[in-house]
Amino acid sequence: MPKTARIGGLAGVRVAPVSFKQWQRSICDEWFASNAAFEEHVLRRPILFPDGLEDTLSLRAIAIFLHCGVAARPSGRAECGGPTKFEARADREWNTYRWSCKTVGHKHFCEPVNSHGFLTKVPVNSWMPFLYLINNLRLGRNLKDVQDEMADLFGNIHRGTISVWKQLNQECSGKALPALDALMAGGKKGDTVVVDETVIGVDKADGWVLESRSVNKGGATTARAGPRRTTKLVRKQILKRLPARTGYNTQQVQKGSFKLKSKPMKGPMKGPMKRPMKKPMKRAPPRKNVAIRKRPAANLKSNGRWLWIAALVGDKFDVYTHQDLRKRVTYKLLPRKADAHNGEPRGLEEIREALASRVRKKSMGNQHRDKKTGFHTNDVESENARAKGWSRKRCGHLHLSEAGMDEYVFYVNVGGAMASATRGLAASNDFVARGAAI
């Protein structure tokens, strides 16, 4: 009887098993289009494994990394010149995987599968949850939701471990950008590049927090109070009108309120009422349009950390878009005020250095609007909004750092498909992305 596989979230759907070689050769981007597809093809697909290999999630992840060129297979051993073979061993209920000499065995040649590049930092038995995390980061999902799903699928994985894996993926993106020539913008004659800066927080070296739960605006100066009614302001306005209570005609009543009776209350109670409580002290109403005094050190525009972004938007009259995969984006985090030339992070020297390190020569700069071509700064301002929206969706708040921007620029310039992501991982390992089989 064929094994059961879970397809599209429906349990009990029977799918005929395939051989291990057929399964590995059929790896494609459709397997990683969603979590349902990932679970259907990667996790639940029935596979007929050859003798000596046991069906484990680690083995499936090894096959995927080999097929995508992320992991490398040694071509042979110089001592004997013979081919290598894949070997799986069980050691204290843990499966270990390695390459050995096909002719003599492990005594002649022995090499673990995670002996190269960044994969040495991830245990082999954690390659499948690591692959699942990479796919969800590529899809731009919220990190907290991904952590909860990983705990359900792969067991209790510490959130700190997931955070380390996310940083490792961002480091790989940063290494892959120059390796794939995807960090610089422009270069052809007629290329139009638009630039802009946006503030993303206040530097922690100034006593404030950069890359915190949100952009710290607690000490930013404000020109006026604004329409938002705080609790303190509402309380002051309430005190302008005395609370309603029965009293004598000697009580002070504000203009516009109802008139109180001068006679005492009738009823079973006899005699005059007790003396009313003492009136609360009147407070002057708040003045309108008065500047709120706050610490000037947190003023975002004067002490904030600025993100400089440049976008390649077209070539003369040809407009590039994200849909045709020709639009390119680059960035640079400008230094904090204390480290910038003349104390100006957005000064001429800093902008020149950013242009020289991120934009190739022969490119045309555009800062406002070109009447002939129609290019304007809205193209790069939209990139600022896209980057911030991507960060908020990922973390639930604005959290842009150099590593995070490397990842964002990689998805824009190299591609957001799983094939592009694995290509970047292979480039960070100094490998040529070519397929290999077990």
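Quick notes on this one:
- Considering residues of the stretch 411-425 that are hydroxyl-bearing (Ser, Thr, Tyr) and in contact (Cβ under 8 Å) with a residue 40 or more places away in the chain only, the residue farthest from LEU137 (Cα to Cα): THR422
- Single residue of the stretch 49-98 satisfying the filter (in contact with a helix residue (DSSP H, G or I) (Cβ under 6 Å, 6 or more places away or on another chain) and among the aliphatic types (A, V, I, L, M)) that is farthest from TRP31 (Cα to Cα): ALA71
- Neighbours by Cβ (under 6 Å, 6+ apart or cross-chain): first from the stretch 311-334, free of Cβ contacts under 8 Å to residues at least 40 places away in the same chain; second open to solvent by 50 Å² or more (accessible area, probe 1.4 Å) and among the charged types (D, E, K, R): TYR320/ARG326
- Selection status of TRP99, at pLDDT below 80 and not polar (S, T, N, Q): no
- Against the list (1) more than 35 Å from the chain's Cα centre (by Cα); (2) closer than 22 Å to LEU425 by Cα; (3) in a strand (DSSP E or B), the condition PHE109 fails is (2).
- Condition check for ASP379 on (1) under 11 Å from VAL193 (Cβ atoms); (2) at pLDDT 85 or above; (3) in a helix (DSSP H, G or I): one failure, at (2).
- Residues (more than 22 Å from THR377 (Cβ to Cβ) and open to solvent by less than 80 Å² (accessible area, probe 1.4 Å)) located in the stretch 342-364: GLY343
The values are calculated or read from the model by the stated rules, or taken from the named source; none is laboratory data. Treat the numbers as computed from the prediction; the structure is a model and nothing was measured. So basically every Cβ, Gly included, is an ideal-geometry build from the backbone, and we count neighbours across all protein chains shown. Accessible surface is based on the protein model in full, side chains and every heavy atom, while ligands, DNA and RNA are left aside. Shrake-Rupley method; radii C 1.70, N 1.55, O 1.52, S 1.80 Å.
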